[in-house]
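In what follows, a structure is listed as structure tokens, so that the remarks can point back to it.
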Amino acid sequence: MQFSEAQLNLWLAGFIWPFIRIAAMVTTAPIFNSQQTPKLYRLGLVLVLTWVTLPLLPPPPAVQLFSHEALLLLLQQLAVGLLMGFILQLVFSGLIFGGQVIAYSMGLGFASMMDPQNGVQVPVISQFYLILATLLFLLLDGHLILIELLYESFYTFPVAGDGISRNTLSQVVSWGNQMFSAGLLMALPVMAALLLVNLGMGVVTRAAPQLNIFAVGFPLTMLIGFALIWASLPNVMENFELLLEAGFTQVKGLLRIAG
């Protein structure tokens, strides 16, 4: 059995381009890019996804692998995969930002722990929200929806050298403000309530100067803060679900996926 160089080039290209796009998505998407997941497992996931979707994908363009056209295709596949994961990463970053604002309002900004997903130090409130958001993401089959969008992107956003444009990048950057607005929206009820508590402590200090406000106010603020977190938790998760839905909608818009 003999194979020509053109056939081998076509078969290899048919594997390389989906592999690059899927690997870029797994590298940046939440859950998939967790620091607790060994790199060998992530590589295995990319290979399995590529192997499963490869027979269902449209034929790749006839481009020599070692050419400048192939380099442009590689950069385009990297950009598509990175943007898909980056948009959803902004959704989780908005929740982390809201947790940081609440932690600083409660006086728990110094209480930090390692975030296993991103490998950085975040306040414990943010870590608590992140764990719940991760469970909710898996409960809503967000990882499966992301894989489905990735598969559909090969039809609506095929392998070509003119996919990602400057306009697409500007849309992603402009959508990044959702991270800050959504984080503030999640933290606003707790922030407003703790502000009233601090104002009350100021009035008490003015009325009774001999009272040690640091010994009384700090634990009281923390206690009220934990109660407010517990009371506002359903609304926070509901806002996160809406933000996650908006993130998937943004991905569909960038990849021209209907629905």
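The values are calculated or read from the model by the stated rules, or taken from the named source; none is laboratory data. Because the structure is a prediction, the values reported are computed rather than measured. Ideal geometry is used to build each Cβ from the backbone, glycine not excepted, and the neighbour counts take in all protein chains shown.
The listed residues are LEU132, LEU169, and the only one of them that is part of a helix (DSSP H, G or I), of a type in the set (A, V, I, L, M, F, W, C) and at pLDDT 80 or above turns out to be LEU132.
Of note, VAL173 does not satisfy the criterion of being of a type in the set (A, V, I, L, M, F, W, C) and more than 28 Å from ALA133 (Cβ to Cβ).
Evaluate the following for GLY109: is it at pLDDT below 80, at positive phi and assigned to a loop (DSSP other than H, G, I, E, B)? Spelling it out, it is not the case that GLY109 is at pLDDT below 80, at positive phi and assigned to a loop (DSSP other than H, G, I, E, B). Any residue at all in the range 234-252 that's surrounded by 18 or more Cβ atoms within 10 Å (Cβ to Cβ), at pLDDT 85 or above, among the hydroxyl-bearing types (Ser, Thr, Tyr) and part of a helix (DSSP H, G or I)? No, because not a single residue in the range 234-252 is surrounded by 18 or more Cβ atoms within 10 Å (Cβ to Cβ), at pLDDT 85 or above, among the hydroxyl-bearing types (Ser, Thr, Tyr) and part of a helix (DSSP H, G or I).
Do we find that GLY98 is touching a residue at least 12 places away in the same chain (Cβ under 8 Å), under 30 Å from MET222 (Cα atoms), touching a helix residue (DSSP H, G or I) at 6+ places or on another chain (Cβ under 9 Å) and assigned to a helix (DSSP H, G or I) in this structure? Taking the combined requirement at face value, the residue satisfies it.
The set of residues from the range 189-232 being without any contact (Cβ under 8 Å) to a residue 40 or more places away in the chain and either touching a Lys or Arg at 6+ places or on another chain (Cβ under 8 Å) or of a type in the set (Val, Ile, Thr) (or both) comprises VAL197, VAL203, VAL204, THR205, ILE213, VAL216, ILE224. Whenever a residue of the range 40-67 is in contact (Cβ under 8 Å) with a residue 60 or more places away in the chain, its partners that are of a type in the set (Gly, Ala, Ser) and part of a helix (DSSP H, G or I), lying with C-beta atoms within less than 7 angstrom and at least six residues away or across chains, give the pairs PRO60/ALA13; PRO60/GLY14. Within the set VAL190, VAL172, the sole residue that is within 16 Å of the chain's Cα centre (by Cα), surrounded by 13 or more Cβ atoms within 10 Å (Cβ to Cβ) and β-branched (Val, Ile, Thr) turns out to be VAL172.
Let me confirm something: among GLN100, GLN121, GLN117, which residue is modelled with pLDDT under 80, of a type outside the set (Asp, Glu) and surrounded by 15 or more Cβ atoms within 10 Å (Cβ to Cβ)? Step by step, each of GLN100, GLN121, GLN117 is checked, and only GLN117 is modelled with pLDDT under 80, of a type outside the set (Asp, Glu) and surrounded by 15 or more Cβ atoms within 10 Å (Cβ to Cβ).
Restricting attention to the range 15-40 and to residues that are among the hydroxyl-bearing types (Ser, Thr, Tyr) and assigned to a loop (DSSP other than H, G, I, E, B), the residue that is farthest from the chain's Cα centre (by Cα) turns out to be THR37.
Checked against (1) surrounded by fewer than 18 Cβ atoms within 10 Å (Cβ to Cβ); (2) more than 24 Å from the chain's Cα centre (by Cα); (3) modelled with pLDDT of 85 or more, LEU228 meets all criteria but (1).
Residues in the range 47-76 that are out of contact with any Leu (no Cβ under 9 Å at 6 or more places or on another chain), under 15 Å from PHE154 (Cβ atoms) and modelled with pLDDT of 85 or more: THR50, TRP51, VAL52.
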